Structure formats: structure tokens, C-alpha cells
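Reviewing the structure listed below.
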Amino acid sequence: MSEVLGIGVSHKTAPVAVRERLALTPGSVGEFLRDTLAVGDVQEAVAISTCNRTEVYVVARDPVEAETRVLGMLARKAGIRPTELAGSIYALRNCDAARHLYRVTSGLESMIVGEAEVQGQVKRAYDDALAAKSTGPLTNHLFRAALATGKRVRSETRIGSRRMSVSSVAAALVSEQLDGLERREVLLVGAGETSELAARALSDHGVEAIFVANRRRDRAISLAQRFGGQAMSFDELPRQLERADALLCTTSSPHPILTGEDVEAVMEARGGRPLLILDLAVPRDVAPEVRDVPGVSLCDIDDLQAVVRRNRSVRQVEAQHAEGIVEEEIQRFAEWLGALEVMPTLGALRARGQAIAEQIVRENAGRWESASEKDLERVAALAQAVVNRILHEPTLRMKNVADDRVHLRMQVIRDLFGLEDVPEGIEAEEPLAEVRPLRRRNQPGT
């Protein structure tokens with residue numbers, strides 16, 4: 001039987017220095033998914049990569065083997081041994097994996113509890129997997145249900161009422177560090193969704209000038225016009241840094257775009273005037289050694305957590321309501337998954353019982369020398385009736401199993417009855433045949 005397996009790291013288990021080494025850039029997701037499908041017996045795969053997490057959801061017959069192989073892939077990507085990465089990795093199966101994904105999509109696992117951007121990030125991850133043709137029945141149902149759960153949480157609770165996000169918290173931190181943002185000049189590097197949200201938050205805080213640098217000139221111009229800023233090229237970045245009050249980086253570059261040497265030159269031109277840099281990118285846009293440059297205050301995505309903790313209590317009541325919704329939806333998933341688990345196992349169990357009954361009848365065929373054809377038919381019917389009677393109660397109980405331990409219970413049954421070698425997909429007949437009394441040959445109508 002195939003299982004759903006979720007493997008990943010997040011801001012709760014690994015620092016940004018580890019997460020950035022595991023991050024998947026938009027251009028690399030398709031290749032990573034294709035490589036994952038080539039691992040062991042992995043049949044389906046979806047990968048989520050954001051500034052706070054990298055997670056891979058796979059469907060495989062042997063989850064232990066799949067976990068080992070996928071962990072090895074992630075370790076190779078990070079350039080470290082699997083044993084070093086093991087302390088940061090979490091691996092979840094079936095309903096536990098689904099529950100985690102539901103919580104992620106609902107914003108319950110986010111650094112900013114309830115932030116809405118993660119819903120779009122999960123959808124894009126699913127769309128990327130569809131484009132790579134790496135999904136299947138289990139992941140399709142899982143991700144569609146997760147997205148529906150996230151939508152329900154946001155429509156039925158006020159968990160996202162303040163519309164807090166990493167970008168809005170970053171803007172608040174810049175305001176705090178600069179003692180207000182009125183008439184300040186802030187440089188944005190990157191023009192994606194995070195930059196757009198940051199530009200909106202900065203504009204709301206009264207920033208006078210927003211300079212946007214992006215490799216896509218049209219996107220940079222559009223963003224700058226919407227928020228009263230100016231667009232510029234990457235080549236202009238050092239010169240603009242000489243006058244800006246703060247820099248906020250959000251690109252998807254796989255390598256740093258600012259080194260210690262770059263920033264040292266900028267600080268020399270600034271004449272000792274301090275510079276605040278917020279790096280929200282994963283992988284990081286600003287090399288870690290920039291933190292040691294005199295006059296520079298560098299904050300990365302993990303440094304935002306202190307600000308986040310001050311706002312966490314505001315959403316606790318709504319988060320509890322959201323938790324209840326997630327659990328309701330998980331029960332639905334468990335029932336759906338249980339149906340997939342129970343019917344093949346039930347069919348295999350019935351097929352095994354029928355095969356044993358037929359085998360016993362064949363083995364004893366020569367012992368009834370005087371039996372007529374009808375007598376032999378009655379013996380065969382009796383053997384099948386015994387099987388049906390024995391399986392009747394287990395059948396009813398198996399069909400009523402509807403919790404998140406369905407897979408484990410079905411696996412126990414398959415192990416006990418040796419069903420692993422029985423073909424899957426056998427549907428149990430409904431209803432089980434009745435047990436009818438044998439009629440004596442000398443009775444009327446025989």
C-alpha cells in the first residue's frame with residue numbers, strides 16, 4: 001500500500017543558514033521533482049520552498065526507503081552529510097503529513113501566525129508539480145483539500161484580520177530601527193510578491209522615496225509607479241546605497257548579490273552614516289560577513305522573530321478556532337484515505353480466504369469417491385460459507401474504521417494474513433454470500 005510522506009525543514013527546526021542551502025529556486029523545482037520521482041518507488045511528489053520552509057511531499061510504497069532517499073537528496077543539495085541534517089528534518093506520514101500541510105496552508109505554522117501569503121505559495125507549489133506532471137491521486141486530493149482548508153480558516157476566523165506578513169513586520173522593524181519612516185528613503189531589491197507587500201507597508205508608514213532595483217525592468221517600473229518610487233538597474237545599486245536610509249532585499253537569487261567588500265565600499269562613501277539592511281531572501285541576498293562591517297545593522301529573516309513574538313498573543317484565540325477547523329478537515333481526509341486503504345485490504349483478505357477454501361476442496365477431492373456432482377458443489381459452497389461467516393464481523397469493523405490510524409491498522413491485517421503478495425485493487429463483493437444450510441439428498445426437491 002502506498003503512503004503519503006512529508007519531509008522538510010522550517011524556521012522552527014533550522015536556522016536560515018541551513019534553510020537557504022535547501023531552498024529551491026523557481027527554475028529548479030521541476031528538475032527536483034523529476035529527480036524525486038526517480039528515487040526508489042516514489043510515485044508522486046510536490047515541493048514547497050519559501051523563506052521559512054522547504055518541504056517535499058511524496059507518495060511511495062516503501063516510506064522508509066523513500067525517506068532515506070529524499071533525505072539524501074536534500075543533504076546533497078545542502079552539501080552536508082545526511083546525519084548532520086537529520087536533527088533539522090521532520091518526516092511525517094499519512095494523516096500526520098496532511099495535518100501539517102493543512103496547518104501550513106492555514107498559516108498556523110508560519111512565523112507570522114495567520115499570514116495569508118503562504119496560501120498562494122502552497123498553490124504555486126502545487127501548480128509547479130502539476131506542470132512537472134509529478135502529482136497523482138493522493139497528492140491531488142491532499143493539496144486541493146489543504147487549499148480548501150486554508151480558505152475555510154480565513155473565511156471563518158479572524159486569524160488574518162490584521163493582514164500581518166513577513167513584509168509588514170519587516171516594515172515595522174525598519175520603522176522601529178530608524179525611529180520612524182517619514183521622509184525616509186528605502187531601497188527595495190527585488191520586485192516579486194514579497195517586495196510588493198513590503199512596498200505597500202513602507203508606503204503606509206510614510207516612506208517618502210522607494211527605489212526599486214530588479215533585473216526585470218518592466219516589473220520594477222510598475223512597482224515603483226504604484227508606490228510613488230523610482231525604478232533603477234542593479235548597476236545603480238551601489239550609488240543609491242550611498243544615500244538610502246535602509247535596504248530591504250527580497251530576490252530569489254541563488255547567490256549573494258551584496259558581499260562584504262561591496263558594502264565596505266558603500267560605507268566608506270557614506271562617511272560613517274549608519275545603514276540598516278533587512279535581508280528577507282532565502283537563500284540570503286546579503287553575505288553574512290556584511291554583519292561585521294562597521295556602521296551596518298544587518299537583520300535576516302530569523303531576526304524578525306523577536307518582533308513576531310510581540311504580536312503572537314493577539315492571534316491566539318483565533319488560532320484555536322482555526323485548529324478546530326483543521327482537525328475537522330483532517331477527519332474528512334482520514335475517512336477518504338481510509339476508504340482507499342480498507343477496500344483493497346478487504347478485497348485481498350476475501351480473495352485469500354476464497355483461495356484457501358478452494359485449495360482445501362481441491363486437496364480433498366479424491367476422498368469423496370461416492371459423492372455426486374451436486375454433493376461436491378455443496379462441499380465447495382460450505383467451504384465458502386465458512387469463509388464468509390468468519391469474515392463477516394471483521395468486514396463490518398474494517399468498514400467502520402475512520403480515524404488517522406487506518407493505514408497502520410490495515411497494515412497489521414495485511415501482515416497477519418500475509419496479504420502483501422495479493423494484487424491490490426481487488427474490490428470486496430457486497431454483500432458477503434449468505435451461509436445456506438445443506439439439504440439432504442433424500443429430501444424432496446433434491
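The values are calculated or read from the model by the stated rules, or taken from the named source; none is laboratory data. Model, not experiment: these values are computed from the prediction. Positions of Cβ are backbone-derived with ideal geometry, glycine not excepted, and every protein chain shown enters the neighbour counts.
What the table below lists for this structure:
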item: First in the stretch 1-29 and acidic (D, E), second anywhere and not in a strand (DSSP E or B), Cβ under 6 Å, 6 or more apart; result: E3/P63; E3/N94; E20/V282; E20/P283; E20/R284
item: Flag for L85 being buried (at least 17 other Cβ atoms within 10 Å of the Cβ), among the aliphatic types (A, V, I, L, M), closer than 30 Å to Q411 by Cβ and more than 17 Å from the chain's Cα centre (by Cα); result: yes
item: Pairs with Cβ under 8 Å, 6+ apart, first in the stretch 60-88 and in the same structural domain as G8 (by TED's automatic domain parsing), second in a helix (DSSP H, G or I) and charged (D, E, K, R); result: M73/D35; A75/E84; K77/R21; A78/R21; G79/R21; I80/R21
item: Any hit, the stretch 31-43, residues being within 16 Å of the chain's Cα centre (by Cα), small (G, A, S) and within 21 Å of A132 (Cα to Cα); result: no
item: Filter pass, K123 being under 30 Å from A38 (Cα atoms) and either in contact with a Lys or Arg (Cβ under 6 Å, 6 or more places away or on another chain) or assigned to a loop (DSSP other than H, G, I, E, B) (or both); result: no
item: Looking only at the stretch 336-356, and only at residues there that are hydrophobic (A, V, I, L, M, F, W, C) and surrounded by 19 or more Cβ atoms within 10 Å (Cβ to Cβ), the one that is nearest to A98 (Cα to Cα); result: L337
item: P254 being within 32 Å of the chain's Cα centre (by Cα) and surrounded by fewer than 17 Cβ atoms within 10 Å (Cβ to Cβ); result: yes
item: Lone qualifier among I159, I48 - being surrounded by 23 or more Cβ atoms within 10 Å (Cβ to Cβ), out of contact with any Lys or Arg (no Cβ under 8 Å at 6 or more places or on another chain), in contact (Cβ under 8 Å) with a residue 60 or more places away in the chain and β-branched (V, I, T); result: I48
item: Conditions (1) among the acidic types (D, E); (2) in contact with a Cys (Cβ under 6 Å, 6 or more places away or on another chain); (3) over 30 Å from R239 (Cβ atoms); number of the one not met by E373; result: (2)
item: Candidate set from the stretch 1-42 (those that are in a loop (DSSP other than H, G, I, E, B) and among the aliphatic types (A, V, I, L, M)); member that is surrounded by the most Cβ atoms within 10 Å (Cβ to Cβ); result: A14
item: The stretch 55-83, residues that are under 22 Å from L101 (Cβ atoms) and among the basic types (K, R); result: R61, R69, K77
item: Filter result for R53 (surrounded by fewer than 20 Cβ atoms within 10 Å (Cβ to Cβ), in contact (Cβ under 8 Å) with a residue 24 or more places away in the chain and either closer than 24 Å to K123 by Cα or out of contact with any helix residue (DSSP H, G or I) (no Cβ under 9 Å at 6 or more places or on another chain) (or both)); result: no
